[in-house]
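Presented below is the structure to which this report refers.
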Amino acid sequence: MTIRKIAQIGHPVLREPTREVTPDELRSAEMQRFIDDLVETMRDASGAGLAANQVYEPVRMCAIEVVDNPRYPYKPRIPLTVLVNPVLEPVSDETFDNYEGCLSVPNLRGVVPRHVEVRVRALDRHGEPIDRVVRGISAGTFQHECDHLDGKVFLDRVRDTRTLCTWAEFDRFHREPFVERVRALVARYGE
Ligand code: NI
């Protein structure tokens, strides 16, 4: 496995919509090795998720995992999930304010409205269908990663640029009220 370089904001690969993966491609040894690299790179960078185009492969695929993440200690666990050709659909119009950051946007966080419940349809890395509803703070993570695959970054969805902050200032001024909001969401949805 190889730890890949992560594209940084300003690189065009983050701004192009990705292309779908064909069943033959997904079965190939090359693509399976790429998926291993994607997961390994996400873990190495302590990311909650990583989209393929963030490591310069413009294919519609992302990995998500939250397991005792030091970057996000308040997040509920998400077991390793690889989404191939994902499609998200909001289940309701209700949104919550998520404080987001991104491995492709160094040292910046901001508030982004996200749907509290989304239906996720995709294939897993073996080509088996995934069809489930993700709720609460975890739903925000899925929306963030799928945005990448459409060539969007979280900054595009920040409505109030006054919420932008560095990690240090997030910890000083914004972490506590945000964690309170997250606790309320987790209490409601358990995820
Ligand atoms: Ni990101």
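The values are calculated or read from the model by the stated rules, or taken from the named source; none is laboratory data. This is a predicted model, so every value here is computed, not measured. Glycine gets a Cβ as well: all are built from the backbone with ideal geometry, and neighbour counts include every protein chain shown. Accessible surface is based on the protein model in full, side chains and every heavy atom, while ligands, DNA and RNA are left aside. Shrake-Rupley method; radii C 1.70, N 1.55, O 1.52, S 1.80 Å.
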| note | Counting only protein heavy atoms with a 1.4 Å probe and every protein chain in place, the carbon and sulfur fraction of the accessible surface of the chain in whole percent equals 50
| note | Magnitude of the Cβ-charge dipole (Lys and Arg +1, Asp and Glu -1) of segment 12-189 about the Cα centre, nearest 20 debye, reported as 540
| note | Taking a ≥ b ≥ c as the square roots of the Cα gyration tensor eigenvalues, with a/c under 1.5 meaning rounded and otherwise prolate when a/b beats b/c or oblate if not, the chain comes out prolate
| Got the relative contact order for the chain handy, in percent, Cα pairs under 8 Å and 6 or more residues apart? | 22
| note | When the charge dipole of segment 12-189 is computed with +1 on Lys and Arg Cβ and -1 on Asp and Glu Cβ about the Cα centre, the Cα farthest towards its positive end, among 179, 61, 80, belongs to 179
| Residue-averaged [θ]222 nm for the chain, counting only DSSP H segments that reach four residues, each worth -39500 (n - 2.57) | -8000 deg cm²/dmol
| message | Between segment 80-110 and segment 9-44, how far is it from one alpha carbon centroid to the other, in angstrom? | response | 17
| query | How much area per residue is accessible in the chain when the probe is 1.4 Å and only protein heavy atoms are counted (Å²)? | reply | 49
